[in-house]
Amino acid sequence: MPLRSWNLSTTNDFFQEFDRLWNEVTTSLGSPLTSRYPYDLYETGDSLVLEMAVPGLRKDDLEVRLEGNQLTIRGTYPETQNAEERRYWSRGLPRGSFVQSLTLPASVEVDKIQATITDGLLRLTLPKVEQARVRKIAISSA
C-alpha cells in the first residue's frame with residue numbers, strides 16, 4: 001500500500017482530505033453513494049429533468065424503464081477488442097453493462113416522457129402529474 005502524506009494544517013485541509021479519502025473508499029467498493037455515470041436530477045414547475053452522461057453511447061445502447069417512481073437506466077459499452085494483446089497501465093474507460101436506478105421525488109405522466117441523447121448526454125423530461133405540480137395559493141385578507 002502506498003504511503004500518503006497528510007496536510008492537515010487547517011480545519012479546511014482536514015475536511016478536504018476526508019472527502020478525498022471517502023471518495024477513494026466508496027469508489028473502490030462500488031458504492032451506490034458515488035456514480036460512475038454522473039447525472040443531474042432537477043425539477044422545473046411542471047417537470048422533472050434527468051441529464052446523465054453516457055459518453056460514446058447511442059440510443060440503441062440504452063434502455064430506460066419506469067416502474068412507479070423507480071427510474072432505471074441500463075446501457076452497454078462495447079467490450080475491448082483484442083484485450084489479451086494489451087498490457088494496461090491504467091484503465092478508466094467504462095466497459096460492459098451498467099445499471100443506474102434512482103427514485104423520483106414526484107409522480108410523473110408516463111405517456112408524456114421525452115428522452116433524447118445528444119453528444120453523450122441523455123436527457124429525460126418527465127412531466128409531473130397534475131397533483132405533483134407546484135401551485136401558487138392566493139391569500140385573502142380577513
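The values are calculated or read from the model by the stated rules, or taken from the named source; none is laboratory data. None of these values were measured; they are calculated from a predicted model. Here the Cβ is made from the backbone with ideal geometry for all residues, glycine too, and neighbour counts use every protein chain on show. Protein only, heavy atoms only, side chains kept; ligands, DNA and RNA dropped before computing areas. Shrake-Rupley method; radii C 1.70, N 1.55, O 1.52, S 1.80 Å.
Determine whether Q81 is open to solvent by 100 Å² or more (accessible area, probe 1.4 Å) and either without any contact (Cβ under 8 Å) to a residue 12 or more places away in the chain or not in a loop (DSSP other than H, G, I, E, B) (or both). Please lay out each step first, then the result.
Values: open to solvent by 100 Å² or more (accessible area, probe 1.4 Å): yes; either without any contact (Cβ under 8 Å) to a residue 12 or more places away in the chain or not in a loop (DSSP other than H, G, I, E, B) (or both): yes.
Judged against the criteria, Q81 is a match.
What single numbered condition from (1) within 25 Å of V49 (Cβ to Cβ); (2) in contact with a strand residue (DSSP E or B) (Cβ under 7 Å, 6 or more places away or on another chain) fails to hold for G96?
(1)
Across region 47-69, which residue is nearest to R135 (Cα to Cα) among those that are charged (D, E, K, R) and surrounded by 13 or more Cβ atoms within 10 Å (Cβ to Cβ)? So that I can check it myself, show each step before the final result.
Taking region 47-69 and keeping what is charged (D, E, K, R), we get 51, 58-61, 63, 65, 67.
Next cut, surrounded by 13 or more Cβ atoms within 10 Å (Cβ to Cβ) only: 51, 61.
Values: E51: 25, D61: 38 Å.
Among residues in region 47-69 that are charged (D, E, K, R) and surrounded by 13 or more Cβ atoms within 10 Å (Cβ to Cβ), the one nearest to R135 (Cα to Cα) is E51.
Would you mind telling me which numbered condition in (1) without any contact (Cβ under 8 Å) to a residue 40 or more places away in the chain; (2) open to solvent by 100 Å² or more (accessible area, probe 1.4 Å) T76 fails?
Status for T76: all satisfied but (2).
Taking the condition under 19 Å from L122 (Cα atoms) and open to solvent by 80 Å² or more (accessible area, probe 1.4 Å), does S97 pass? Spell out how you get there, then give the answer.
Working: under 19 Å from L122 (Cα atoms): yes; open to solvent by 80 Å² or more (accessible area, probe 1.4 Å): yes.
The answer is yes for S97.
With the requirement that a residue be out of contact with any Lys or Arg (no Cβ under 9 Å at 6 or more places or on another chain), assigned to a strand (DSSP E or B) and more than 11 Å from N69 (Cα to Cα), what does region 93-119 give you?
G96, T118
For region 100-129: of the residues being open to solvent by 100 Å² or more (accessible area, probe 1.4 Å) and acidic (D, E), which is nearest to L62 (Cα to Cα)?
Step by step, filter region 100-129, then rank; the result is D119.
Pick out the one residue from E51, E130, E85, E109 that is at pLDDT below 85 and touching an Asp or Glu at 6+ places or on another chain (Cβ under 9 Å).
Going through E51, E130, E85, E109 in turn, just one is at pLDDT below 85 and touching an Asp or Glu at 6+ places or on another chain (Cβ under 9 Å): E130.
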